[in-house]
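The next block holds one structure in the form of structure tokens; read it before the comments.
Derivation of every value follows stated rules applied to the coordinates shown; laboratory data play no part. None of the values given here were measured: they were computed from a predicted structure. Glycine gets a Cβ as well: all are built from the backbone with ideal geometry, and neighbour counts include every protein chain shown.
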Amino acid sequence: MNFQRHRRLRRTASMRSLVRETHLHVSDFIYPLFFVEGENVKKEVPSMPGVYHISLDLLEEEIKEVESLGIQSIIVFGVPGEKDECGSSAYDHNGIVQKAIRQIKEIAPSLTVIADTCLCQFTDHGHCGVIENGYVRNDETLELLAKTAVSQAEAGADIIAPSNMMDGFVAAIRQGLDEAGYTEIPIMSYAVKYASSFYGPFRDAAHSTPQFGDRKTYQMDPANRLEALREAESDIAEGADFLMVKPALSYLDILRELKDRYPLPLVAYNVSGEYSMIKAAALNGWVDEKSIVLEKLISMKRAGADLIITYFAKDAARWLKENQ
Ligand code: PBG
Ligand code: ZN
């Protein structure tokens, strides 16, 4: 009989480990943190068990824990005290994100701090840009984004991660950073960001639900693949240093295509809805959280991601240690 014995390489744990093609390391993870104004706040986000709003007086404790787990990178989100039409607190020297970044860099100078650059948490209408007649204006928004990025770099951000899906945002931010002297600060572009229902719990966490309409005039249609390549290509041409695909799990095919085509570090954003679905099932005892999370994370790497932004980063760091 002539057939292949694939099972030969699966016989023992050490044999399986010998032929394993993909690995997870704690250095793959980027951990998202939400900072708020106020004192002594550590409030769990109802739709995201295990994720907290943290005030700046409790920041140090959190950062120490992240560092002690070996996590090397975080992405910072802010929920401001006040919002207005044009999101002024996004580019305020004393905005919540700017204050948080300054504090983090003081406590943990070697932690890589990524700033999410968008306006939706800071605008009273909850859209990612300036509104005119119900439509998000592209070029007017670019100026504010560049201002936001520069103020984040000034505060000490190591990487700028624009997430707002305006056309030309990488070019505008690159120019803004360069003119301000931040030529060495890389841009991690949310290049391929779909208009996804998987962001629901995040909008709870960031208080950034659009007050009217949706984000479909700027975020991508989940049905489109070629458009993702166009988005990635224009961002590369504009000077992006990293590319991101968001969400991750329903878009593993897009991760693979980008990895095969473009020689840039590729980031998968394992978004809030993907987190909360697993959490809910795990809290009900319907799935085994540890093994299901590690399986999901390895699938993102297998699909081509080099880095993963994930709310599971702290748990996964612990589990990887246990498995050693
Ligand atoms: C803001 C932003 C969003 C996320 C990251 N940055 C939400 C959105 O576009 O509504 C989503 C993160 C998540 O769901 O975990 N532009
Ligand atoms: Zn936004």
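Rounded, prolate or oblate: pick one for the range 199-324, where a ≥ b ≥ c are the square roots of the eigenvalues of its C-alpha gyration tensor, a/c under 1.5 means rounded, and failing that, prolate if a/b is larger than b/c, else oblate.
Working: a/c = 2.18, a/b = 1.29, b/c = 1.70.
Here the range 199-324 falls in the oblate category.
Taking 8 Å as the Cα distance limit and 6 or more residues as the minimum spacing, I'd like the relative contact order of the range 22-323 as a percentage.
Details: 618 pairs, mean separation 58.8, N = 302.
Reported relative contact order: 19 percent.
Using only alpha-carbon positions, what ratio does the radius of gyration of the chain give when scaled by 2.2 N^0.38 Å? Walk me through the intermediate numbers first.
Details: Rg = 19.9 Å, N = 324, 2.2 N^0.38 = 19.8 Å.
The value comes to 1.01.
Please report, to two decimal places, log10 I(q)/I(0) for the range 7-58 at q = 0.21, 0.22 Å⁻¹ as given by the Debye formula with identical point scatterers on the Cα atoms and no solvent.
Debye output, listed in q order: -0.80, -0.84.
Mind sorting S250, S68 by how few other Cβ atoms lie within 10 Å of their own Cβ, fewest first? Write down the numbers at each step before the final one.
On the way: S250 15, S68 10.
Placing the least packed residue first, the sequence is S68, S250.
Under a 10 Å cutoff between Cα atoms, tell me which one of L226, L24, L69 has the largest fluctuation in the Gaussian network model of the chain.
Top of the fluctuation ranking is L226.
Who wins for biggest fluctuation among G50, G78, G129 in a Gaussian network model of the chain, springs between alpha carbons below 10 Å?
Of the options given, G50 has the highest mean-square fluctuation.
Could you give me the ³J(HN,Hα) list for the range 25-42, computed from phi with Karplus coefficients 6.51, -1.76, 1.60 and θ = phi - 60°, whole Hz, x at Gly and Pro?
Using θ = phi - 60°, the values come out as 10, 4, 6, 7, 9, 10, 9, x, 10, 10, 10, 10, 6, x, 10, 6, 9, 9 Hz.
Using the alpha-carbon atoms, what tilt in degrees (0 to 90, nearest 10) does helix 138-155 show relative to the longest principal axis of the chain?
Tilt of helix 138-155: around 80 degrees.
When only DSSP loop residues count, what chymotrypsin sites (Phe, Trp or Tyr not before Pro) in the range 219-324 have their Cβ near at most 12 other Cβ atoms within 10 Å? Can you show the working numbers first?
Details: sites: F242, Y251, Y269, Y275, W286, Y311, F312, W319; in loops: W286, Y311, F312.
Passing both the DSSP loop test and the Cβ count: W286.
Assuming 0.36 nm per residue, please report the length gained on full extension of the stretch K290 to E60 beyond their Cα-Cα distance. Show your work: numbers first, answer last.
On the way: separation 230, 0.36 × 230 = 82.80 nm, distance 2.71 nm.
Roughly 80.1 nm would be gained on extension.
For T209 and R256 in one chain, what is 0.36 nm times their gap in residues minus the Cα-Cα distance, to one decimal in nm? Don't skip to the answer; put the middle values down first.
Values: separation 47, 0.36 × 47 = 16.92 nm, distance 3.01 nm.
Length gained, T209 through R256: 13.9 nm.
In whole Hz, what ³J(HN,Hα) sequence does the range 252-267 give by Karplus (6.51, -1.76, 1.60; θ = phi - 60°), x for Gly and Pro?
5, 5, 6, 4, 4, 5, 5, 4, 5, 9, 10, x, 10, x, 10, 10
Which residue fluctuates most in the GNM of the chain (Cα springs below 10 Å): S14, S73, S197?
Highest fluctuation of the listed residues: S14.
Tell me, Kirkwood radius of the range 1-149 from alpha-carbon pair distances, in Å? Write out the running numbers ahead of the final one.
Working: mean 1/r = 0.0548 Å⁻¹.
Evaluated on the range 1-149, it is 18.2 Å.
Please compute the Cα-Cα pair-distance distribution of the range 97-190 with 10 Å bins starting at 0, giving whole percents from short to long.
Final binned percentages: 18, 48, 27, 6, 1.
Convert each backbone phi in the range 218-235 into a coupling constant with the Karplus relation 6.51 cos²θ - 1.76 cosθ + 1.60 (shift: θ = phi - 60°), then list the ³J(HN,Hα) values in order as whole Hz, x for Gly and Pro.
The phi angles translate into 10, 7, 7, 6, x, 7, 9, 10, 5, 4, 5, 5, 5, 4, 5, 4, 5, 5 Hz.
How high is the relative contact order of the range 218-295? Use alpha-carbon pairs under 8 Å, at least six apart in sequence, and give a whole percent.
Numbers: 52 pairs, mean separation 19.0, N = 78.
Across the range 218-295, relative contact order equals 24 percent.
Report, ordered by chain and residue number, the lysines lying within cross-link reach of K216, taken as a straight Cα distance under 25 Å and ignoring same-chain residues fewer than 8 apart.
K83, K147, K193, K246
Subtract the Cα-Cα distance of E322 and V19 from 0.36 nm times their separation in residues, and report this length gain in nm to one decimal.
Working: separation 303, 0.36 × 303 = 109.08 nm, distance 2.09 nm.
Length difference between fully extended and current span is 107.0 nm.
Applying 1/(1 + (r/R0)^6) with R0 = 35 Å to the Cβ-Cβ distance of A195 and E106, what FRET efficiency is obtained, to the nearest 0.05? Each step should come with its number before you reach the end.
On the way: r = 38 Å, r/R0 = 1.08.
About 0.40, to the nearest 0.05.
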